[in-house]
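Computed from the coordinates by the stated procedures, all read-outs in this text should not be read as laboratory data. These figures come from a predicted structure and were not determined experimentally. Every residue, glycine as well, gets a Cβ built from its backbone with ideal geometry; the counts of neighbours run over all protein chains shown.
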């Protein structure tokens, strides 16, 4: 049986937004009754303390914004545009924008050319924005037309200084009235950035009002776009957001848009900081009739349990138990319902050969305008029990293709693949080739030149019996082991494995710990990710089978429980935790330090299920080093350079963004030393590719860009 789920506007989605109204079952496969569909324990989340934004956070936010803008899709005919070049009065002859808030119109401000703010009544705010005590490092919104002005809901500025007290904030910026009588589809797009506190659920919404017979009705849509919800985390700057509001606005003659900052319904009153910037609002019609788009592929049920990029072979789900679960998140971004949509799930080996294949048909994939509920789900999710299990340690790719009866306008986005690894002894969520951030503690408010307690970790579970945890493997960050002025100093820290039975959150659950003094040789300088450090537990820990009473779930972490003069940092994939598998040790609203889930980044913290030698540098110990191709981005010819510490039988392969093998170079047996491969890119399509060095069963991968 295929399980089809619909979720509240959420990409990537998390368990909390499961919308059971759209739950349906489709015939065709054996029922997914394995442990992989049992429900994981509830999240444990307290209100976080407001925390200052760091310069590193701001820089990562701007870098993510550049990538986000590169992926913006164009729309159809432009129905409305607003650049806020004329402030609240509105530009392009559209008419004025109005505001309302619970602070006497002191939350919304127009950021004028030059960066200073102005309130609705024309009085200056007296500052550049964001202007609050916790947001001073963030800087201005980097939207396309930011130089001619933009809007901000600056609740941090309003509540500064926090020592004088603060209030939860609420408000909205409302557009002039629009007429969409002749438009069967209405898509609202804008550029924004935000950061909020103090619960994970985003308090930003797009509300669409339609007026009939003098009565206006409002429908609320999530406005956080692709940002994975998490408190005290800056979104991309800018973050392009696009919402199809056709289900409420299509063919209506009196429509208003309202950018609304509200207390999230999941928590009630809890939001007082920091800011939400908005610019470049565009309303378009959709001129594409037939277009199904796959947004994410998973190799597990990310809503009820977790998925793993790296899985020990002993914990692969048995074929007799349903095998690997493949998930696909998809949406219909055209104007016509798509019928008889075939979903093909293939598992490919590292040579690109198909080793497993299964398919079924979805009767109808509705458009946003025709969705059974409004607001329509941002995407739907389909899970398929493939019946496949790996027979040996190897790399695989899960590829899903969706094909409708109608000819698709963009067939390239109907196919998506995810690489997964089955290993001897390693459990992990992160992709070591995509670590693009460093998780760091904040500086202590209580002790000068010290850092707050901190920790980073991930959840694990065991569908099969018999596994034993021997330790964890960590890729530490470049600043780990360093003081505020960059000097090396002793750092005492712990590795922990918590055992959770569902009766308590992570913080209050029992754990096994090992204690360490940090060695700066474990750090990854200059943001590389080549050094992975194995840290063994004092004693092996038997892992209970998932589903037994007690000991069902585990949380593996590295942490510094007390203030320290030295940083403890780990590398991470930013904005990647779509299965809610990670946690961070941080300060709660009552001043205590506890574990928080609902994080945006996946830390490079893995669980090891076999006995290894004490502390070893896993990748470096094998003597293999793959460097970044030069030049990158490249056109014509690019050179791939790698180093071997000893003789290996070597092959290099290149795959495209869909995981398809483009070219391979079997180089035979090479001796120790530095080697190169000049890769000819003539005739290659522009885009992202990966290249993999394979040396006697060992693999390492990097990305290259063809321009």
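Translational diffusion coefficient of segment 276-332 at 37 °C, 0.692 mPa s, Stokes-Einstein with Kirkwood Rh over Cα pairs, in µm²/s as a whole number. Kindly include the intermediate steps, with their values, before the conclusion.
Details: Rh = 15.2 Å.
Estimated via Stokes-Einstein, D reaches 216 µm²/s.
Give the order of 570, 99, 674 when sorted by the count of other beta carbons within 10 angstrom, beginning with the fewest.
Details: 570 26, 99 20, 674 10.
Least to most surrounded, the residues fall as 674, 99, 570.
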Average Cα contact separation per residue, the chain, under 8 Å, 6 or more apart, as relative contact order %: 13 percent
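By count of other Cβ within 10 Å, fewest leading, how are 698, 543, 568 ordered? Please list the in-between numbers first.
Numbers: 698 13, 543 24, 568 27.
With the sparsest Cβ surroundings first, the list reads 698, 543, 568.
Relative contact order (percent) for segment 437-620, with alpha-carbon contacts under 8 angstrom and 6 or more residues of separation?
Answer for segment 437-620 is 37 percent.
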Equivalent ellipsoid, segment 622-706 (semi-axes from 5 times Cα gyration tensor eigenvalues, Å): 22, 13, 11
Two-site label geometry, residue 663 and residue 445: point separation in nm, points 7 Å out along Cα→Cβ: 5.7 nm
Convex hull volume per residue in cubic angstrom - Cα atoms of segment 206-273: 122 Å³
Kirkwood Rh, angstrom, segment 437-620 [1 / mean 1/r, Cα pairs]: 16.7 Å
Burial ordering of 595, 218, 684, fewest other beta-carbon atoms within 10 Å first: 218, 684, 595
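Throw me the Rg/Rh for the chain, computed over C-alpha atoms with Kirkwood Rh, two decimals. Each step should come with its number before you reach the end.
Values: Rg = 25.7 Å, Rh = 26.8 Å.
Reported Rg/Rh, Kirkwood definition of Rh: 0.96.
So how many Å³ per residue does the convex hull of the Cα atoms of segment 55-284 work out to? Write out the running numbers ahead of the final one.
Numbers: hull volume 28.1 nm³, N = 230.
In segment 55-284, the Cα convex hull volume per residue is 122 Å³.
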Between segment 304-342 and segment 464-534, the Cα center-to-center distance that results, in Å: 31 Å
Using alpha-carbon coordinates, inclination of helix 55-70 to the longest axis of the chain, degrees: 80 degrees
Debye equation applied to the C-alpha atoms of segment 110-190, log10 I(q)/I(0) at 0.13, 0.22, 0.26 Å⁻¹: -0.54, -1.13, -1.36
Where the Cα pairs of segment 289-424 fall when distances are cut into 5 Å bins, in %: 2, 10, 19, 22, 17, 12, 9, 5, 2, 0
